[in-house]
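Structure record follows, encoded as structure tokens.
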């Protein structure tokens, strides 16, 4: 499906979404609490069949955090970028997608490690790259490291 | 009790051992905590981050020309392909394209890198499974490729040859003759490789039926490269989303259906031949012209998001740049192939013997700096 067709099909199923078509892929922006129903529909609906999660990350926009899910359909060869907005930057929470794609397990741990986003129902939410006793979340824009030397 | 004060035998009678962080078979500083029942693996917990250098955070304060050089230190065996991915992503943002000459040079260098990487992997796999000779065979041929790289861009490993808009310098006048000589030499050695390792009874017994990964799991874990193609999952980025003119080159995507260590091994062996085939098509057809497109001194990407994926020697590398219009990226994410492939390790290894773990790890072809970034 082309981006335009994807947009129409998603609109037919969900109303509470906005779109951003400036980039190469169609960006579907939703609220964090609507993530599970939409992502399950994208995964299981024959029309979409997004069966491959190839990138999962987070972007800190200071006022809010944006979870970014890059999905690819191996049967239809189309791509969609799902963005879930987390408004609460002090205590960010979102549902896990671990049970849908097993690759999300490590990726979500990485996001938890570097951004501090808590994934609800994640089976093993620990820091993955940094030390367990590390303070703060380095990829947040407000992170300050006293030992950091800027050149 | 071990030195950390943890019980080495659990209540269920499982024996807990630590492999790494300093262990030759982990190919870097990776720590695996393994729960064993006798010799049988019950559970594996990888502990990462020993060489986490926060390349993503670092890149946020570097310019669009400079952040590329950090990526040579990620997957150092496919350094050129990492650079190419970043260069392509910046080019996508600037809406420019590298001149045809630069594209062809990049592809040739990328395939040479792949060859060199697979040769190192082949040697190490032999070494891991108890055959020492392949290591010397592999390094003999790899050295010729390293010399070409040194002559082309001055570095053997961290090449930094791709820049936004093309390549940094033009190729050396000797380049074409030298590459052709090396290819002839490498082609003549493939039979030797097969004779010494592929058909070896001990090697076959240690790899066949070991470390099975089903196609469904490969997709679910986001595995790419030979790890997924050994399970019959088509995922070659060069075929799915061609870049730098791969659509004009003839080659086959290698698929095996075994899903075991031997299948992954066979995929990489066949891929080496395909790489040689690709270079042979291109080496006499490097077009004349510029080797670099004209770009501004200070690069500024327009506001937006750009994603570029390439096929490294280990699988799909994705570069995701978020730009806010400034001279350095707002956020960069590297979707590294090894990070995803490593997450499938537990699924592959549970139920097999502890000795087979070495075979499984070596056929995933782990490069730890790429996992930790």
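The values are calculated or read from the model by the stated rules, or taken from the named source; none is laboratory data. All values reported here derive from a predicted model rather than from experimental measurement. Quick reminder, even Gly has a Cβ in these numbers, built from the backbone with ideal geometry, and neighbours come from all protein chains shown.
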Quiz item: Is there a residue in the stretch A:24-36 that is part of a strand (DSSP E or B), within 11 Å of chain B (Cβ to nearest Cβ) and surrounded by 14 or more Cβ atoms within 10 Å (Cβ to Cβ)?
Solution: yes
Practice problem: Go through B:43, B:92 for me and flag whichever is surrounded by 19 or more Cβ atoms within 10 Å (Cβ to Cβ) and in contact with a strand residue (DSSP E or B) (Cβ under 7 Å, 6 or more places away or on another chain). | Solution: B:92
Quiz item: Just a yes or no: is a residue in the stretch A:87-95 surrounded by 23 or more Cβ atoms within 10 Å (Cβ to Cβ) and farther than 19 Å from residue A:139 by Cβ?
Solution: no
Exercise. Name, by its number, the condition in (1) within 14 Å of chain A (Cβ to nearest Cβ); (2) in contact (Cβ under 8 Å) with a residue 12 or more places away in the chain that does not hold for residue B:256.
Key: (1)
Quiz item: List, please: which pairs have Cβ atoms under 6 Å, are six or more places apart or on different chains, and start with a residue in the stretch B:330-352 that is facing chain A (nearest Cβ under 10 Å) and end with one that is part of a strand (DSSP E or B) and surrounded by 24 or more Cβ atoms within 10 Å (Cβ to Cβ)?
Solution: B:333/A:57
Quiz item: Which of the residues spanning the stretch A:75-103 are at the interface with chain B (Cβ under 9 Å from one of its Cβ atoms) and either within 21 Å of residue A:46 (Cα to Cα) or at pLDDT 90 or above (or both)?
Solution: A:77, A:79, A:81, A:100, A:101, A:102
Self-check item: Selected residue (criterion: farthest from residue B:219 (Cα to Cα)) from residues of the stretch A:128-142 that are in contact with a helix residue (DSSP H, G or I) (Cβ under 8 Å, 6 or more places away or on another chain) and at the interface with another protein chain (Cβ under 8 Å from one of its Cβ atoms)
Solution: A:138
Quiz item: How many residues does the stretch B:305-336 hold that are in contact with a helix residue (DSSP H, G or I) (Cβ under 7 Å, 6 or more places away or on another chain) and assigned to a strand (DSSP E or B)?
Solution: 13
Quiz prompt | Residue check, residue A:145 within 10 Å of chain B (Cβ to nearest Cβ) and surrounded by fewer than 20 Cβ atoms within 10 Å (Cβ to Cβ) | solution = yes
Exercise. Please indicate, with yes or no, whether at least one residue in the stretch B:9-27 is within 14 Å of another protein chain (Cβ to nearest Cβ), out of contact with any strand residue (DSSP E or B) (no Cβ under 7 Å at 6 or more places or on another chain) and under 23 Å from residue A:109 (Cβ atoms).
Key: no
